[in-house]
Amino acid sequence: MRIVVIGASRLGVALVEELLEHDFDVVLVDQSRERLDELSDELECGFIHGDGTLPRTQRDAYGDSADALMLMTNHDDVNILGAVVGRSIGYERIVLQIVRAQFLAVCDELGFDDVVTPHVTVAGSIVHSLEHDERVWSQLGVAEGLHFTTYSVPKSLEDSTLADVELPQGARAIAVLRGSDDIDLAQDTALKEGDEVLVAAKRDVRKGLGEVFTDSD
C-alpha cells in the first residue's frame, strides 16, 4: 500500500516511522530541502521536495497509484487546501491534521471525515484519565484538592522518559506537551529540554515539584 505524507512535522515524521514499521510504501513531501536531507539518513522512504498543495507535486507523489494522502503540516489552511487538491488528484483516502478546532466545521462542510485533532484529543484524554483512573484519585486524594501546573523540562532530564522522572508522593504527570502542535502522552517517550510536563498534585508537594524540574548547579 502506497501512502503519501505531506509535511515533515514531528507528527508527520512519527507517522512515517510507524508506517514504515508496518511495511507500507511511503513518500514524504516537504518544502524544506534541508529538512528532507536531515531525514534521508533516518527514513527508508521516498522523498519529494516541493509544495504539497500544488497539483503537480501531488501527482508526482501519487505516481501510478496511491492509497492515501496524509496532510501533517503544522498549518491548518495548508492541510485543508492540500486535501482539496488531493481529492481532485484521485487519492482514495485523505487524512489531515487540524490544530485549531474552529477549522473542524470547515472540514465537515468539505466532507473530510478523517481528521486528526491532537489538542482536542489530548484534552479529552486528560479529562478521561482524571475521571476514570481511580489510581490517580487514590494517589492524590480528591478531598485535599488538586492543582494542575506545567513544568518545563530542564537539560538534566533530557532523554529521560516520563516514567523515569521521580515525582514526590501526591503528584502525577498527566501529559507531555512538545511545542505548539505536538502532544505526547506516552510514558516511554524520551523527554527533550523545553518540553512542558502537565502535573496534577496536592498543594503541599508543589515545592518538591519545582526542585524536580530545576537544573542543579
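So here's what we get for this one:
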| quantity | calculated |
| --- | --- |
| 19 Å Cα-Cα reach of LYS192 towards lysines, excluding residues that sit fewer than 8 places from it in its own chain | LYS155 |
| Cut-off 12 Å between beta-carbons: net charge of the residues surrounding VAL78, Lys and Arg +1, Asp and Glu -1 | -4 |
| Mean separation of Cα contacts under 8 Å, 6 or more apart, over the residue count of the range 2-116: relative contact order % | 25 |
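Just so you know, all these numbers are worked out from the coordinates, no wet-lab data involved. All figures in this text were calculated on a predicted structure; none of them were measured in a lab. A quick note on method: Cβ atoms are made from the backbone with ideal geometry, for glycine too, and the neighbour counts reach across all protein chains shown.
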